[in-house]
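Structure record follows, encoded as structure tokens.
FYI, it's all coordinate maths here, none of it is from the lab. Please read all numbers here as calculations on a predicted model, not as lab measurements. Cβ coordinates were reconstructed from backbone atoms using ideal geometry, including for glycine residues, and neighbour counts include every protein chain displayed.
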Amino acid sequence: MPSLQEECSLCQFRRYEDMEFRLQIARNIIAAKIANARRLILFHARNHPDEIWKQPLETLSIAEQKASSAETLSSLMGIEGDSARVYFETFGKMLRREIQFEGRSRRPPRDPVNALLSFGYTLVLSEVVGAVASQGLDPYVGFLHELDYGRPSLGLDILEEFRQPLVDRFVLSLINRKVFSTDDFEQRENGGFYLKDEPRKKFLRFYERAMTSEFRDRTGGDKLTFRELIRRQATRMSKAIQTGEGYDPYRR
């Protein structure tokens, strides 16, 4: 008799082979991601009113609508890529100028801001992977991200909804409050920038505070932490996989 985890994994893989289900989940995640990007810009614009925010907000609003009705995963990923370029160009304008940011770069992060973003994403991904595994799900079988050896695709799926409201907002606050300076980073032989040992420990302290601070989400329910919220989303994903119903991503 298969264990509960084996049953969950079998159901999950059947859902992965259902392209209609995959597209439904992927559309919801990307639309939420774009909506969260807009909300972060709006949050910043309240304290820094300027005409420069108008165009990216309009562009992202249109992109969110397109994502919600995308007919293929390929077209959806194209919409996501275009919106990410607009978003990160705008994100750079929200940062104080003392720390370099030349647009999003990965493996390796090419400047200090990307070093903080990549580190933050890695930490949150680890928490997401643990949360989905605790639900009996396979972190490596996702719906937005394709299967790839060693890549936690389902973890990356759920990470998408936490990038802007958790990591990007956190990094933006750290930089604009001058918690870190360029002296806190080292450039290695691969050209990438990384936090030095003591600044890395400082980042982890601030990260833990961000993960355990309570807040009330936009639904107006009980107060909760981001760590609890990640577990909630893992539970929602498990239910969506088991029932075949829609998945409700986190929107800040």
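What to note about this one:
- Angle between the chain longest axis and helix 73-94 axis [Cα atoms, degrees, rounded to 10]: 20 degrees
- Peptides ranked, highest mean first, by Cβ atoms within 10 Å: ranges 174-185, 225-236, 126-137: 126-137, 225-236, 174-185
- Temperature 20 °C, viscosity 1.002 mPa s: under these conditions the Stokes-Einstein estimate for the stretch 46-197, based on its Kirkwood radius over C-alpha pairs, is 125 µm² per second.
- Evaluated with a Cβ-only charge set (Lys, Arg +1; Asp, Glu -1), the chain carries a dipole of roughly 900 debye about its Cα centre, given to the nearest 20.
- Per-residue Cβ neighbour rank within 10 angstrom, fewest leading, Val113, Val141: Val141, Val113
- For Arg15, Arg107, order by how many other beta-carbon atoms lie within 10 Å, fewest first: Arg107, Arg15
- Relative to the dominant Cα principal axis of the chain, helix 54-68 is inclined by about 10°.
- Segments 165-172, 36-43 sorted - mean Cβ within 10 Å per residue, highest first: 165-172, 36-43
- Multiplying the residue separation of Arg205 and Asp82 by 0.36 nm and removing their Cα-Cα distance gives an extension gain of 40.9 nm.
- When the charge dipole of the chain is built from unit charges on Cβ atoms (+1 for Lys and Arg, -1 for Asp and Glu) and taken about the Cα centre, the candidate among Asn114, Tyr16, Tyr207 whose Cα reaches farthest toward its positive end is Tyr207.
- For the chain, the longest principal axis of the alpha carbon atoms and the long axis of helix 226-243 meet at an angle near 30°.
- Ellipsoid semi-axes for the stretch 1-121, based on the Cα gyration tensor and the rule √(5λ), read 33, 20, 12 Å when sorted largest first.
- Pairs with C-alpha atoms separated by more than 30 Å, drawn from the list Lys66/Lys223; Lys33/Lys239; Lys66/Lys201; Lys93/Lys196; Lys178/Lys239; Lys66/Lys202, are Lys66/Lys223; Lys66/Lys201; Lys178/Lys239; Lys66/Lys202.
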